[in-house]
Amino acid sequence: QVTCIEVVEAYVERIKEVNPLINAVVKDRFEEALQEARQVDKLLSEGPGDDYLEEKYPLLGVPITVKEAFSLHGMPNTSGLVNRRNVIATSDATVVSRLKQAGAIPLGVTNCSELCMWFESSNRVYGRTNNPYDLQRIAGGSSGGEGGVLAAACSVIGVGSDIGGSIRMPAFFNGVFGHKPTTGVVPNDGQFPNALGVRTSFLCTGPMCRYAEDLEPVLRVMAGPGVSKLKLNEKVSLEKIKFHCMDHDGGSVFVSPVDKELLQAQKKVVEHIESDLGVQVQRVAIHKMKYSFQIWSAMMSSKDSNGQEAQRFTDLLGDHGKPVWPLWELMKWLVGMSSHTFPAIALGLTEKVMDLNQSGNAKLVSMGKSLQEEMEALLGQDGVLLYPSHPTIAPKHHSPICMPFNFAYTAIFNVLGLPVTQCPLGLGSEGLPLGIQLVAAAYNDHLTLAVARYLEKAFGGWVLPGKV
């Protein structure tokens with residue numbers, strides 16, 4: 001009904017209209033995208049047959065955006081680090097290449113936090129991304145540009161990555177869907193920083209989008225041959241899923257209490273599932289979840305099975321430049337002389353503190369292993385856990401500094417290796433998105449994706465910003 005060039009032009013116009021407000025797309029490739037759209041229309045007019053095209057190019061002509069931390073040929077790849085300002089990608093990250101081969105058309109790259117290790121997308125290269133529902137609030141991080149660009153209807157699909165919630169937090173704050181796949185299925189190659197050592201088991205690349213039904217086809221393309229490990233062809237009977245529900249982490253001292261509106265939204269989900277599907281949602285209290293932040297932190301800095309040390313964040317800060325001394329950077333930052341953001345400097349300093357507590361870390365790592373066994377036993381092959389995406393609704397700019405460990409609600413599932421879908425649940429009283437995490441045992445991504453599609457129908461999914 002519409003040509004590919006019309007679709008791409010519409011998205012280009014939308015980005016030009018909205019981006020000055022949200023600062024999500026940091027570098028565009030509009031000319032190339034329009035050229036690629038013309039080629040798609042040419043291919044369609046030559047007509048090799050719809051079935052053939054659908055098989056060969058499942059995402060033919062679909063406009064996408066890519067987190068700037070991923071290599072997209074000809075685009076910058078700084079990850080918000082000033083010293084990498086002149087780094088231009090000469091190739092495509094594996095997932096980007098797969099999406100392009102499937103026919104998708106990248107419109108540009110989007111903002112992230114410095115070195116992808118903070119949940120506000122702001123850096124000294126591109127500045128700060130704003131939430132489309134309220135410009136005074138954060139878009140989340142580290143895939144915050146993707147969250148904002150999708151919520152503002154500037155792109156159809158986003159490429160994100162997640163080592164502590166970097167897909168799910170922006171998806172939650174911006175009221176869109178985000179999926180962190182089971183660890184080790186979608187390749188992480190071609191992003192900076194990439195994970196080394198033990199962190200290769202925690203970093204995940206995955207899709208973000210406005211509509212739940214788009215998650216699965218994009219995940220198939222991203223996973224490539226690895227998709228066979230995920231049971232995406234299995235039909236899911238929602239009535240047969242064993243639903244579990246946990247309202248909060250049990251009261252960690254490091255983390256904010258869960259917002260009343262989020263608790264209320266979760267309660268409505270439970271009530272809807274019980275009345276509509278005629279199943280009992282089991283309330284659970286998993287004691288170790290209270291130590292989510294400590295477990296994540298200890299496992300992130302542990303050695304891998306070969307004894308390889310985890311990569312140091314401070315070393316990454318020095319990429320393409322001189323070594324960085326966090327304490328010295330803090331002094332410079334106080335007088336406005338540092339090229340790094342405060343959260344990055346603070347992380348460098350806490351890394352030093354972590355080194356002082358080796359025996360405590362070992363205990364936490366073993367607690368993480370036993371939590372993983374407990375979770376796998378609870379969820380089995382047919383379980384889905386409902387759990388808050390974050391303790392608060394999208395906070396105001398800078399305020400995460402006061403509660404820096406709130407990302408523990410998403411981070412714990414990275415070190416447990418479980419698939420998680422963040423699902424929007426409409427808007428709260430202040431017109432800001434609500435949401436929930438859907439968690440399953442490893443390789444049961446098909447369950448969380450099915451429940452996300454179901455909840456989208458029941459709760460309305462994505463809501464256009466400014467519509468209220």
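Here are the numbers:
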{"read-out": "Some residue of region 221-228 being more than 16 Å from Ala450 (Cα to Cα), in contact (Cβ under 8 Å) with a residue 60 or more places away in the chain, in contact with a Lys or Arg (Cβ under 7 Å, 6 or more places away or on another chain) and among the aliphatic types (A, V, I, L, M)", "value": "yes"}
{"read-out": "Matching strands (runs of 3 or more DSSP E) fully within region 1-118 where at least 1 residues are among the charged types (D, E, K, R) and more than 30 Å from Phe405 (Cα to Cα)", "value": "25-28"}
{"read-out": "Residue within region 310-323 that is of a type in the set (S, T, N, Q) and either assigned to a loop (DSSP other than H, G, I, E, B) or open to solvent by 90 Å² or more (accessible area, probe 1.4 Å) (or both) present", "value": "yes"}
{"read-out": "Residue among Lys260, Lys290 that alone is open to solvent by 20 Å² or more (accessible area, probe 1.4 Å), at negative phi and over 23 Å from the mean Cα position of the chain (by Cα)", "value": "Lys260"}
{"read-out": "Hits in region 18-73 - residues which are of a type in the set (Ser, Thr, Tyr) and closer than 30 Å to Leu115 by Cα", "value": "Thr65, Ser71"}
{"read-out": "Index of the failed condition, His244 passing every other in (1) more than 20 Å from the chain's Cα centre (by Cα); (2) open to solvent by 40 Å² or more (accessible area, probe 1.4 Å)", "value": "(2)"}
{"read-out": "Subset of region 262-300 [part of a helix (DSSP H, G or I) and among the small types (Gly, Ala, Ser)]", "value": "Ala265, Ser275, Ser292, Ser297, Ala298"}
{"read-out": "Set Val335, Val253: member being among the aliphatic types (A, V, I, L, M), closer than 27 Å to Phe202 by Cβ, open to solvent by 90 Å² or more (accessible area, probe 1.4 Å) and free of Cβ contacts under 8 Å to residues at least 12 places away in the same chain", "value": "Val253"}
{"read-out": "Selection count where residues are within 11 Å of Lys180 (Cα to Cα) and surrounded by fewer than 24 Cβ atoms within 10 Å (Cβ to Cβ), scope region 140-160", "value": "0"}
{"read-out": "Residue list for region 161-219, filter: surrounded by fewer than 24 Cβ atoms within 10 Å (Cβ to Cβ) and among the acidic types (Asp, Glu)", "value": "Asp189, Glu213, Asp214, Glu216"}
{"read-out": "Whichever residue in region 227-241 is of a type in the set (A, V, I, L, M) and part of a helix (DSSP H, G or I) and, among such residues, is nearest to the chain's Cα centre (by Cα)", "value": "Val227"}
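Okay, residues lined up against (1) over 17 Å from the mean Cα position of the chain (by Cα); (2) assigned to a helix (DSSP H, G or I); (3) farther than 15 Å from Gln266 by Cα:
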residue: Glu373; (1), (2), (3): yes, yes, yes
residue: Ala377; (1), (2), (3): yes, yes, yes
residue: Pro391; (1), (2), (3): no, no, no
residue: Gln422; (1), (2), (3): no, no, no
residue: Gln437; (1), (2), (3): no, no, no
residue: Ala450; (1), (2), (3): yes, yes, yes
residue: Glu456; (1), (2), (3): yes, yes, no
residue: Pro465; (1), (2), (3): yes, no, yes
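Conditions tested, residue by residue: (1) open to solvent by 20 Å² or more (accessible area, probe 1.4 Å); (2) on the phi > 0 side of the Ramachandran plot; (3) without any contact (Cβ under 8 Å) to a residue 24 or more places away in the chain.
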position: Leu364; (1), (2), (3): yes, no, no
position: Lys369; (1), (2), (3): yes, no, yes
position: Glu373; (1), (2), (3): yes, no, yes
position: Glu376; (1), (2), (3): yes, no, no
position: His398; (1), (2), (3): yes, yes, no
position: Tyr409; (1), (2), (3): no, no, no
position: Cys423; (1), (2), (3): no, no, no
position: Val439; (1), (2), (3): no, no, no
position: Arg453; (1), (2), (3): yes, no, no
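Here's the yes/no breakdown for (1) within 30 Å of Thr341 (Cβ to Cβ); (2) buried (at least 16 other Cβ atoms within 10 Å of the Cβ); (3) touching a helix residue (DSSP H, G or I) at 6+ places or on another chain (Cβ under 7 Å); (4) among the small types (Gly, Ala, Ser):
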site: Glu17; (1), (2), (3), (4): yes, no, no, no
site: Glu31; (1), (2), (3), (4): no, no, no, no
site: Arg38; (1), (2), (3), (4): no, no, yes, no
site: Lys42; (1), (2), (3), (4): no, no, no, no
site: Glu46; (1), (2), (3), (4): no, no, no, no
site: Glu54; (1), (2), (3), (4): no, no, no, no
site: Leu59; (1), (2), (3), (4): no, yes, yes, no
site: Ala69; (1), (2), (3), (4): yes, yes, yes, yes
site: Thr78; (1), (2), (3), (4): yes, yes, yes, no
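The values are calculated or read from the model by the stated rules, or taken from the named source; none is laboratory data. Predicted model, so just to flag it, every value in this text is computed and none were measured. Backbone-built Cβ (ideal geometry, glycine too); neighbour counts: all protein chains shown. Accessible surface is based on the protein model in full, side chains and every heavy atom, while ligands, DNA and RNA are left aside. Shrake-Rupley method; radii C 1.70, N 1.55, O 1.52, S 1.80 Å.
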